[in-house]
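A.B. asks: Here's a structure for you.
The values are calculated or read from the model by the stated rules, or taken from the named source; none is laboratory data. Only a predicted model underlies this, so the values are computations on that prediction, with no experimental measurement involved. Cβ placement follows ideal geometry from the backbone for every residue including glycine, while neighbour counts extend to all protein chains displayed.
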């Protein structure tokens, strides 16, 4: 009777399994099994947008920007009226005419002012041009008055808006009032600043202040032609402007450089010699005493 086989020890079965597993995985001759397929499962969680940085700001609007008065009176060329193209052409013609009329160097000619006019006749408001002729008739003719200076002389030109320009020696132009045009961006900015100052002094809106005079001036010192008593000023040529405004039935005269301005009473004005006899200056009694001078 055969003897019954005994079961293999458990440790021997385990050892055989390890050997077989090692044989299947190792060696270059082993045939790799199929790579299992992997399926990506999209996340189901809801994404939350990241918060904006605490310092992030939107671009400023017009109301966020400081006004000119808030940062001083340094003028800027923003929203400044430009001289019309036809007026600019007449200015160049006037300078050429003045330079060719005598021993005047073109670079020594300076533009003092430009005013828009509506002339009442074909003489373009120059009585001396129409004297002794019968060609002058009443007419409504838009044009310009241009003031140039050279040395100690001021030369006045009258024009229409087409092709007529001539020098006018008639002193009667002093009594004629046109619409001043800013002759450069700084002049326009200074006119805006003093208009705002005048409106505050008179207690009226800026729109009720009229610009009636704007003249480029080289002040002989830093007093800007309106010195105060017991104050010493540097004797240095200071470019600026003489600006005349009208509002609430009052005339106000401002003297400026290219940054600052001063309200100047007519009796306190000290103008360069070539201007003192060539400007319509409001009478002292026509300029009421304004507070805050």
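A.B. asks: Restricting attention to the range 141-156, which residues are over 28 Å from the mean Cα position of the chain (by Cα) and farther than 11 Å from residue 117 by Cβ?
C.D. replies: 150, 151, 152, 153, 154, 155, 156
A.B. asks: Another question, then. When both residues are 6+ apart or on different chains and their Cβ atoms are under 6 Å apart, which pairs have a first residue that lies in the range 237-262 and is outside the structural domain of residue 192 (by TED's automatic domain parsing), and a second that is at pLDDT 95 or above and part of a strand (DSSP E or B)?
C.D. replies: Pairs that qualify, where the first residue is outside the structural domain of residue 192 (by TED's automatic domain parsing) and the partner is at pLDDT 95 or above and part of a strand (DSSP E or B): there are none.
A.B. asks: Which one of these does residue 228 not meet: (1) surrounded by fewer than 17 Cβ atoms within 10 Å (Cβ to Cβ); (2) modelled with pLDDT under 95; (3) outside any loop (DSSP other than H, G, I, E, B)?
C.D. replies: Every listed condition holds for residue 228 apart from (3).
A.B. asks: Another question, if that's okay. Identify, please: which residue in the range 237-257 is modelled with pLDDT under 95 and assigned to a loop (DSSP other than H, G, I, E, B) and is, among those, nearest to residue 177 (Cα to Cα)?
C.D. replies: Across the range 237-257, the extreme among qualifying residues is 249.
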